[in-house]
Amino acid sequence: MNNVWLFWGAMALLALCIAAGVWVVRNRPAFLRYVEESLYGVTWQWRWSGKRIVGLWCYCPTCKGELSFDDENCKTTKNLNERTTFFICKGCGGEEKGRVVGGDRRYVMTLVQHELMRRASSAEFLATLNPKGDA
């Protein structure tokens with residue numbers, strides 16, 4: 001008889017844990033589902049740690065491989081309009097997939113992160129992630 005109560009008690013606890021997990025996933029902020037975007041001709045992906053973007057990186061829109069940066073010309077010129085960072089895909093034979101004018105790779109990463117944070121906090125943008133409107 002004790003085994004039956006123990007079994008049903010364990011089942012009730014399991015059901016409670018599953019229900020709590022479903023509630024947490026359904027009630028998490030909409031911006032946490034925002035983990036991919038296309039900017040400057042390439043795909044960006046990241047994770048969230050609290051309200052911070054972490055693991056931000058760019059990927060090829062064609063083969064989905066990681067891209068590398070070419071910002072060598074940023075070291076040879078002082079003119080911001082001539083400083084360009086190129087996104088290069090080794091998986092596509094070294095093809096240029098996109099570019100940002102104005103700075104080196106650190107500039108690009110900061111620029112992209114700021115744009116993603118701006119979008120993630122925009123009520124209109126969050127509405128597209130969560131049509132129910134509970135952003």
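Taken together, the values in this text are just the output of simple stated rules run on the coordinates, not laboratory data. Remember, predicted model here, so these are calculated numbers, not experimental data. Here the Cβ positions follow ideal geometry from the backbone for every residue, glycine too, while neighbour counts run over all protein chains shown.
A few points about this structure:
- 3J(HN,Hα) along segment 41-48: x, 10, 9, 10, 10, 7, 10, 10 Hz, from the Karplus curve 6.51 cos²θ - 1.76 cosθ + 1.60 with θ = phi - 60°, whole Hz, x for Gly and Pro.
- Relative contact order of the chain, pairs being alpha-carbon contacts under 8 Å that are 6 or more residues apart, as %: 19
- Separation of the Lys78 and Glu66 label points, Cα + 7 Å toward Cβ, nm: 3.6
- Summarising the label geometry, the points placed 7 Å from Cα in the beta-carbon direction at Leu32 and Leu14 lie 2.5 nm from one another.
- Under 23 Å from Lys51, Cα to Cα: lysines that are on another chain or at least 8 residues apart: Lys132
- Crossing angle, helix 105-120 versus the chain [Cα axis fit, 0-90 degrees, rounded to tens]: 40
- For the chain, the longest principal axis of the Cα atoms and the long axis of helix 2-26 meet at an angle of about 30 degrees.
- Full-stretch length increase - Thr110, Glu95 - with 0.36 nm per residue and alpha-carbon distance subtracted: 3.0 nm
- Ratio Rg/Rh, restricted to segment 28-135 and using Cα atoms, in which Rh is the Kirkwood radius: 1.03
- Ellipticity at 222 nm from helices only: DSSP H runs of n ≥ 4 in the chain, each -39500 (n - 2.57), divided by the residue count, give -12000 deg cm²/dmol.
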